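Worksheet for the structure shown next.
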Amino acid sequence: MADSDWDSKTIDTVRKYAMQNTLEYDGAGQSGSVLGRLLGERADLRPRAKDLKSLVEEEVEAANQMAKEYGLDAVRESLAATNPEALQRQKQQKRVGLKPLPNAIEGKVILRFAPNPNGPLTIGHSRGVVINSEFAKMYSGKVVLRYDDTDTRVKPPLPEAYGWIEEEYEWIAGRPADIIIRASERMPIYLEYAKQMLESGFGYVCRCSAGEFKDLRDNSQPCPCRGKNTENNLSDWQSMNDGSIEEGGAVVRVKTDLELPNPALRDWPALRIQHSPHPMVGDLYKVWPLLDFQSAIEDHLQGVTHIVRGKDLMDSTRKQTLLYNHFGWKYPEPLYWGRVKVHEFGGFSTSGMKVDIADGKFEGWDDPRLPTISALKRRGFESKAIRDFWLDLGLTQKDISISMQTIESFNSSVIDSVCERRTFVRNPRNMSLNMDEIEHPDELQIARHPHGEIEGVREWTISDEFVIEDRDYSEKLRLKDFADVLIKENQAIVNSLQRSDKRTIVHWLPINQSRMARLTTPLGTEFRIDEGLIENIDLVEGEILQLERVGFAKIEKVPENGPVELLFLHG
Ligand SMILES: [Zn+2]
């Protein structure tokens, strides 16, 4: 059924929902959801739902196309002109905050965020910063930033990372951590608790090989070391600490019920020998706690009331609860979340990035192709967008795969109203302007921001020479914010300042108003470079602009000579 078979009121209604949907989905409106909303409001149309489908599809396509060609601002303006109330719906979208913490007392809540400082923070870490600091805010509580840096061999700490993480924590959370501790500086405490465990008889030094122990444990059988008396345990403990037992030659185990259904929990290892020196404290210690033990002791000492952790760490909760029972302590409230994979960055790990940076595959930790917080910050992401994103997701236990586009759309809503517009013409084609036939202004004034959140205008002096993108070259064009032109062999003849028909609107730039620029776009592990001309008005290093028809980009460098360096942020 063609448009004309519908009355104009119906067409207007469909158009309204289509534009609204395009705005909500950043230019990717969905006809299914438009149809649903439309039938919800117009019961009279329900019997004709099937016929309506093609009209809806056409209008959604048109709205998406408008967004693609002229930007979301154009859609917003158009909707504001006809149905301003339809813009309200966007703002009323439901906001999912965090649910209350169980057994939380105002002013007494203590949480912790415990990264391994083997590199700076990544997007994945930012979830822990956001969720913990938000809970602390809800209850006027505190967050302990604890460096779990007792692994000297597999993932040893990177000395610079401590300072980076403190700054990144503060940037993400909007305030510094309340307490900062480093496990490696608190080694005497862990060793003292280990000794106490041996003296009290709920821990023992096991000198079996891993294989021997596992065979016995899997059959619920004690190993020969389990029955040792305190004197022998303390003597072995001494040998572990003075370096006379080699790495792998002994561990300290926590006694548990050997009939526990999960064999991994039975007599779990709490401390092991590491002879490789620690980057911060050197070779002062030969015995180092494993994470489950160190973290359990610290949570108790810091008075942690709630632990938010991945559901893959439920076994840690079980092991630590067994240890707490031995010491007679009360275990914090555990809360769990599922795994979140950002699918563009699925293959990255901190250790892997470290190797690739050393090999020169990436420029550094803030290389725009990496999922680190320093890279996101460099590119121009706002911490509020990262907070909004994680809070919106909440504490779900589902495993989720998300796209960076989701974080980008949160970022767009934070920065859209504060970024000035500029024209950037890629692959420019030189054109000349012929204005003989028409009265025309010498200057153009274009808003710095289309809805006036930023006041003022960009002033262009119209000159004979200008550029358009090569791919836009066509017989009839409208030069945005200026005039309808007819093109003949690189000459544009102005035939109307008013919009006279539906010809394509293109962005353009007078040459006297421009300078060279290079736009760098991270694409997976590569970069795409677009060369072109940028509007040469107030280009300030570090600022983010919305390049019309391209998207947001950061001005990285404005050299005295040579092209302005732009780094693409997102569309
Ligand atoms: Zn043993």
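Each reported figure results from applying straightforward, stated rules to the coordinates on display, with no laboratory input. The structure displayed is predicted, hence computed values, not measured ones. For neighbour counting, all protein chains shown are included, and Cβ atoms are generated from backbone atoms with ideal geometry for every residue, glycine included.
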Check: Listed here are the pairs Lys68/Lys488; Lys16/Lys554; Lys155/Lys311; Lys354/Lys554; Lys16/Lys50; Lys68/Lys554; which of them are more than 24 Å apart at the Cα?
Finding: Lys68/Lys488; Lys16/Lys554; Lys354/Lys554
Next item on the list: Please determine, in degrees from 0 to 90 and to the nearest 10, the orientation of helix 291-301 with respect to the longest principal axis defined by the Cα atoms of the chain, where the helix direction is its Cα long axis.
Entry: 90
Item checked: Packing-based order for 246-255, 349-358, using average beta carbon neighbours within 10 Å, highest first -> 246-255, 349-358
Check: Taking the stretch 97-147, which trypsin sites (Lys or Arg not before Pro) meet the DSSP loop condition and have no more than 16 other C-beta atoms within 10 Å?
Finding: Lys108
Margin query: Placing +1 on the Cβ of each Lys and Arg and -1 on the Cβ of each Asp and Glu in the stretch 419-570, which of Ile537, Asn512, Ala553 has its Cα farthest towards the positive end of the resulting dipole?
Written below: Ala553
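Please tell me the relative contact order of the chain in percent, rounded to the nearest whole number, where contacts are Cα pairs under 8 Å and at least six residues apart.
10
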Next item on the list: Could you run the Karplus curve 6.51 cos²θ - 1.76 cosθ + 1.60 with θ = phi - 60° over the stretch 339-351 and give me ³J(HN,Hα) per residue in whole Hz, x for Gly and Pro?
Entry: 7, 10, 10, 8, 5, 5, 10, x, x, 8, 9, 4, 5
Next item on the list: Neighbouring Cβ atoms within 10 Å as the yardstick, rank Lys377, Lys319 fewest first.
Entry: Lys377, Lys319
Item checked: Surface/4 of the Cα convex hull for the stretch 419-570, nm² -> 9.7
Notebook entry, point to check: What angle do you read, to the nearest 10 degrees and between 0 and 90, between the alpha-carbon axis of helix 230-241 and the longest principal axis of the chain?
Noted result: 50
Next item on the list: Please report how far the C-alpha centroid of the stretch 496-571 lies from that of the stretch 168-207, rounded to the nearest whole angstrom.
Entry: 51
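Mind running the shape call on the stretch 343-462? Use the C-alpha gyration tensor, a ≥ b ≥ c as the square roots of the eigenvalues: rounded below 1.5 for a/c, prolate if a/b tops b/c, oblate otherwise. Show your work: numbers first, answer last.
Values: a/c = 3.31, a/b = 1.92, b/c = 1.72.
Prolate shape, in that a/c is at least 1.5 and a/b is the bigger ratio.
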Notebook entry, point to check: Among Asn64, Leu38, Thr82, whose Cα lies farthest out toward the positive end of the dipole of the stretch 3-91, if unit charges sit on the beta carbon of Lys, Arg (+1) and Asp, Glu (-1)?
Noted result: Leu38
Next item on the list: For Tyr147, list long-range residues whose amide hydrogen, built 1.01 Å from N in the peptide plane, is under 5 Å from its own amide hydrogen.
Entry: Ile181, Arg182, Ala183
Notebook entry, point to check: Based on Cβ point charges of +1 for Lys and Arg and -1 for Asp and Glu, what charge dipole magnitude is obtained for the chain about its Cα centre, in debye rounded to the nearest 20?
Noted result: 2460
Margin query: What is the angle, in °, between the Cα long axis of helix 49-70 and the longest principal axis of the Cα atoms in the chain? Nearest 10 is fine, range 0 to 90.
Written below: 90
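Listed highest first by mean packing, meaning other Cβ atoms within 10 Å per residue, what order do 11-21, 301-311, 33-43 come in? All intermediate terms of the calculation are to be shown ahead of the outcome.
Details: 11-21: 22.7, 301-311: 18.1, 33-43: 15.8.
Most protected by this proxy first, the peptides run 11-21, 301-311, 33-43.
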Notebook entry, point to check: Which loop GluC sites (Glu not before Pro) in the stretch 269-373, with loop taken from DSSP, have no more than 13 other Cβ atoms within 10 angstrom of their Cβ?
Noted result: Glu363
Notebook entry, point to check: What are the principal axis extents of the Cα atoms in the stretch 274-330, in Å, biggest first?
Noted result: 34, 26, 18
Check: Roughly how many Å is it from the Cα centre of the stretch 319-333 to that of the stretch 344-370, as a whole number?
Finding: 39
Check: Hey, any idea what Rg/Rh is for the stretch 392-465, computing Rh the Kirkwood way over Cα pairs?
Finding: 1.23
Check: Local charge sum around Ser500 (other residues, Cβ-Cβ under 13 Å, Lys/Arg +1, Asp/Glu -1)?
Finding: +3
Next item on the list: Putting +1 on Lys and Arg Cβ atoms and -1 on Asp and Glu Cβ atoms, find which of His300, Leu395, Thr13 reaches farthest to the positive end of the dipole of the chain.
Entry: His300
Notebook entry, point to check: When only C-alpha pairs under 8 Å and at least 6 residues apart count, what is the relative contact order of the stretch 419-570, in percent?
Noted result: 25
Check: Counting every Cα pair in the stretch 3-91, what percent are over 17 Å apart?
Finding: 41
Note to self: Shape verdict for the chain, please, from the Cα gyration tensor: rounded (a/c under 1.5), prolate (a/b greater than b/c) or oblate.
What the structure shows: prolate
